[in-house]
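Encoded as structure tokens, the structure appears first; notes follow it.
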Amino acid sequence: MNWKRQQCCLWLLEKEGAPQSRPRRNRRASFVFESQRLFAEVLGNIPSVPRFPSSYCHHRSPTARDRWHPHLGWREPPSPWPPANHREAIAAMDFFTVPTLTFGVLYCFFVIAHDRRRILHCNVTRHPTSAWVIQQLREAFPYDSAPGYLIFDRGSSFNAEMIDAIKSFGIEPKRTSFRSPWQNGVADRWVGNCRRDLLDHAIVVNERHLKHLMTEYVRYYHEDRTHLALAKGTPAGRKAEDTARADSKVISMPRLGGLHHRYDLAA
């Protein structure tokens with residue numbers, strides 16, 4: 001939608017240049033247009049910003065990467081996220097809603113680990129209750145796999161009964177402040193990825209359909225989707241190919257019905 005915003009700004013600038021009885025200047029439109037122009041120029045001059053999609057950069061092939069950054073070689077761009085403290089002991093959970101074909105609403109619940117952004121558990125329901133959430137936590141943390149801390153917001157399903165159950169698992173609950181979604185940023189970021197990668201391109205029919213879509217997306221997210229914070233790795237630890245030759249052939253494997261692809265070297 002950036003081109004749409006730029007066209008709107010250009011239209012406003014052309015409109016202010018038209019002869020009028022009282023000439024005036026739209027300062028806000030000029031500021032927006034100049035800000036977007038400077039921002040684009042700055043991004044274009046930063047060599048550390050990767051222009052090549054991360055799905056292609058997973059293979060350490062100098063011929064493929066140098067085609068896009070011949071002056072960088074194989075220098076990895078710095079991670080935009082600062083190192084976290086004790087992130088291996090932190091997990092987060094949250095809900096997000098998904099509309100259906102018949103204008104119903106489904107609630108998708110997930111638990112994500114902070115260490116490698118792994119999805120520990122994901123399920124769908126029409127009626128989220130505290131008892132249902134407690135059962136999902138039992139399935140997410142079997143035996144002695146519970147983390148030290150669990151972050152969640154102030155949803156109605158996360159009541160005192162659920163907090164007591166979390167404490168019985170040996171987990172210290174951490175509830176976010178009012179209207180502070182940034183305090184649960186890892187979970188909110190995954191919701192945004194899920195919507196942009198899948199849900200914005202699909203119409204959910206019913207609960208069973210959404211469960212199937214989320215199962216496929218979690219598999220794609222763990223095994224194929226690379227992350228800058230993981231040094232171009234995947235949450236499941238996908239290894240990069242470092243034995244590429246000049247005559248190597250790259251094959252494409254569709255994921256999520258062709259919405260995304262995984263690229264590997266042909267055997």
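The values are calculated or read from the model by the stated rules, or taken from the named source; none is laboratory data. Keep in mind it's a predicted model, so treat the numbers as computed, not measured. A quick note on method: Cβ atoms are made from the backbone with ideal geometry, for glycine too, and the neighbour counts reach across all protein chains shown.
Scanning segment 102-142 for residues that are β-branched (Val, Ile, Thr) and touching a Lys or Arg at 6+ places or on another chain (Cβ under 6 Å) yields a single hit, VAL124. Among all residues of segment 181-202, there is none that is over 15 Å from the mean Cα position of the chain (by Cα), more than 26 Å from ALA236 (Cβ to Cβ) and aliphatic (A, V, I, L, M).
Here ILE163 fulfils each of the conditions (1) assigned to a helix (DSSP H, G or I); (2) of a type outside the set (Gly, Ala, Ser); (3) exposed (fewer than 12 other Cβ atoms within 10 Å of the Cβ) apart from (3). Name the residues in segment 244-257 that are surrounded by 14 or more Cβ atoms within 10 Å (Cβ to Cβ) and under 30 Å from HIS209 (Cα atoms), would you? Matches in segment 244-257: ARG255, LEU256.
Evaluating ARG116 against the criteria (1) closer than 18 Å to MET214 by Cα; (2) of a type outside the set (Asp, Glu); (3) in a loop (DSSP other than H, G, I, E, B) leaves one unmet condition, (1). Mind listing whichever residues of segment 124-160 are surrounded by 20 or more Cβ atoms within 10 Å (Cβ to Cβ) and assigned to a strand (DSSP E or B)? Correct list: VAL124, LEU150, ILE151, PHE152.
Filter segment 82-99 down to residues that are of a type in the set (A, V, I, L, M, F, W, C) and either closer than 15 Å to TRP182 by Cα or not in a helix (DSSP H, G or I) (or both) and give me whichever is modelled with the lowest pLDDT. Checked segment 82-99; the qualifying residue modelled with the lowest pLDDT is ALA84. Against the test of being without any contact (Cβ under 8 Å) to a residue 60 or more places away in the chain, assigned to a helix (DSSP H, G or I), among the basic types (Lys, Arg) and surrounded by 13 or more Cβ atoms within 10 Å (Cβ to Cβ), the options ARG208, ARG219 yield a single qualifying residue, ARG219.
Scanning segment 222-243 for residues being small (Gly, Ala, Ser) and either touching a Phe, Trp or Tyr at 6+ places or on another chain (Cβ under 7 Å) or crowded, with 16+ Cβ neighbours inside 10 Å (or both) gives a total of 2. Would you check which residues across segment 175-201 are in contact with a Leu (Cβ under 8 Å, 6 or more places away or on another chain) and surrounded by fewer than 16 Cβ atoms within 10 Å (Cβ to Cβ) and list them? Across segment 175-201, the qualifying residue is only HIS201. When the residues of segment 258-267 are filtered to those that are over 19 Å from the mean Cα position of the chain (by Cα) and not in a strand (DSSP E or B), the one that is surrounded by the most Cβ atoms within 10 Å (Cβ to Cβ) is ALA266. Contact list please: Cβ distance under 7 Å, first residue in segment 129-144 and free of Cβ contacts under 8 Å to residues at least 40 places away in the same chain, second residue surrounded by fewer than 19 Cβ atoms within 10 Å (Cβ to Cβ) and among the β-branched types (Val, Ile, Thr), pairs at least six apart or on different chains. Listed pairs, sorted by first residue: TRP132/THR125.
Yes or no: segment 182-189 includes at least one residue that is assigned to a helix (DSSP H, G or I) and more than 30 Å from LEU259 (Cα to Cα). Looking for residues that are assigned to a helix (DSSP H, G or I) and more than 30 Å from LEU259 (Cα to Cα), one finds at least one in segment 182-189, hence yes.
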